[in-house]
1. Only residues that are touching an Asp or Glu at 6+ places or on another chain (Cβ under 9 Å), open to solvent by 40 Å² or more (accessible area, probe 1.4 Å) and either in a strand (DSSP E or B) or modelled with pLDDT under 95 (or both): list them for the range 237-261, please.
2. Quick one: count up the residues across the range 19-71 that are in a loop (DSSP other than H, G, I, E, B) and of a type in the set (S, T, N, Q).
3. Here's a check for you: in the range 73-113, which residue that is touching a strand residue (DSSP E or B) at 6+ places or on another chain (Cβ under 8 Å) and among the acidic types (Asp, Glu) is least open to solvent (accessible area, probe 1.4 Å)?
4. If I filter the range 132-150 for residues that are surrounded by 19 or more Cβ atoms within 10 Å (Cβ to Cβ) and farther than 27 Å from ARG55 by Cα, do I get at least one hit?
5. Among the residues of the range 191-215, how many are open to solvent by less than 30 Å² (accessible area, probe 1.4 Å) and not in a helix (DSSP H, G or I)?
6. Hey, could you check the range 41-51 for residues that are within 26 Å of PRO64 (Cβ to Cβ) and surrounded by fewer than 22 Cβ atoms within 10 Å (Cβ to Cβ) and say which is nearest to the ligand (Cβ to nearest atom)?
7. Just to be sure before I move on: is ARG24 within 15 Å of TRP96 (Cα to Cα), open to solvent by 20 Å² or more (accessible area, probe 1.4 Å), away from the ligand (no atom under 15 Å from the Cβ) and not β-branched (Val, Ile, Thr) in the structure I sent?
8. Pairs needed: first member in the range 17-46, acidic (Asp, Glu); second member anywhere, open to solvent by less than 30 Å² (accessible area, probe 1.4 Å) and not in a helix (DSSP H, G or I); C-beta distance under 9 Å; at least 6 residues apart or different chains.
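The values are calculated or read from the model by the stated rules, or taken from the named source; none is laboratory data. Note that this is a predicted model, so its numbers are computed, not measured. Virtual Cβ from ideal backbone geometry, glycine too; neighbours counted across all protein chains shown. In case anyone asks, the SASA skips ligands and DNA or RNA and just uses the protein heavy atoms, side chains included. Shrake-Rupley method; radii C 1.70, N 1.55, O 1.52, S 1.80 Å.
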Amino acid sequence: MSHARPTRFSDRAALRAAVEAWRRQGESVVLVPTMGALHAGHLALVAHAKAIGRRAVVSIFVNPTQFGPSEDFARYPRDVAADLDRLAETGADAAWTPEIDTMYPPDFSTRIEVAGLTEGLCGAVRPGHFAGVATVVTKLLNQVRPDIALFGEKDFQQLQVIRRAVRDLDLGVEIRGVPTIREADGLALSSRNRYLDAAERAVAPRLHAVLARIAAALRAGAAAGPLLAEGVAELTAAGFGPVQYLEVRDAETLAPLERVEGPARVLAAAYLGRTRLIDNVAV
Ligand code: AMP
């Protein structure tokens with residue numbers, strides 16, 4: 001089915017008027033926050049939004065405060081026109097594309113810190129990242145005021161951090177996770193995959209293969225320690241480096257686990273050349 005492009009809003013009052021008009025008509029509103037450079041993983045979130053709600057709003061904002069000083073903020077891919085074309089395939093109703101000054105006026109002074117959940121995994125190697133994420137997502141939720149907001153399980157720690165912030169701060173929106181969309185060879189779709197050269201792209205699916213194998217062994221009752229050591233060795237031999245983490249965590253609390261009894265997750269972050277890849281699978 002082909003649809004029109006979504007209506008683009010860069011003015012907060014106009015966006016809010018549109019959302020409030022939908023609400024007055026009893027229409028539910030689902031928000032999908034993104035940083036643009038949209039791929040089939042993002043589009044699956046938007047399709048899910050349209051399946052569970054009447055109206056889908058997609059925000060596109062490359063949030064500077066979640067990038068570290070030596071990270072890829074400056075070269076992060078940006079092409080809003082292409083993103084709007086892609087969104088037309090999904091039936092998204094609105095694209096919220098705020099300017100930097102709307103999000104961060106010069107005297108911006110507030111930050112949301114989620115303790116505990118943000119201390120390990122990506123939080124340990126990207127100081128300040130989750131404060132940047134929690135702050136911008138809180139703003140987006142307050143700007144759009146959706147009934148439901150969707151986040152990918154691809155960024156599993158992010159999903160749990162946002163669930164916690166929303167609960168702790170009574171933000172009054174339902175947060176739902178959506179399973180990771182992958183290439184046929186298992187590589188999780190990511191806006192950063194375009195940084196990979198052909199040789200790196202050929203190696204990249206090994207990350208998911210290692211995670212899937214560890215998850216299967218854990219399900220069969222194996223202990224985490226030796227599996228994780230082997231996994232790091234295999235990734236390193238395949239050309240990844242550094243492997244920032246490869247861990248087994250409780251799916252809710254993200255506490256480290258040696259053996260798996262309830263819902264758990266195997267999570268990894270590793271560089272492949274200059275590109276940082278993350279992935280995780282359910283146990
Ligand atoms: P990003 O633009 O990278 O900030 O991602 C925006 C949203 O899309 C986040 O909730 C991500 O978790 C989600 N997302 C990114 N890649 C995928 C994927 N391969 N499958 C499902 N969701 C994804």
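1. PRO256
2. The total comes to 4.
3. Once the filter is applied, the top-ranked residue is ASP83.
4. Checked against the condition, which is being surrounded by 19 or more Cβ atoms within 10 Å (Cβ to Cβ) and farther than 27 Å from ARG55 by Cα, the range 132-150 yields no hits at all.
5. Matching residues across the range 191-215 total 3.
6. Checked the range 41-51; the qualifying residue nearest to the ligand (Cβ to nearest atom) is GLY41.
7. no
8. GLU27/GLY53
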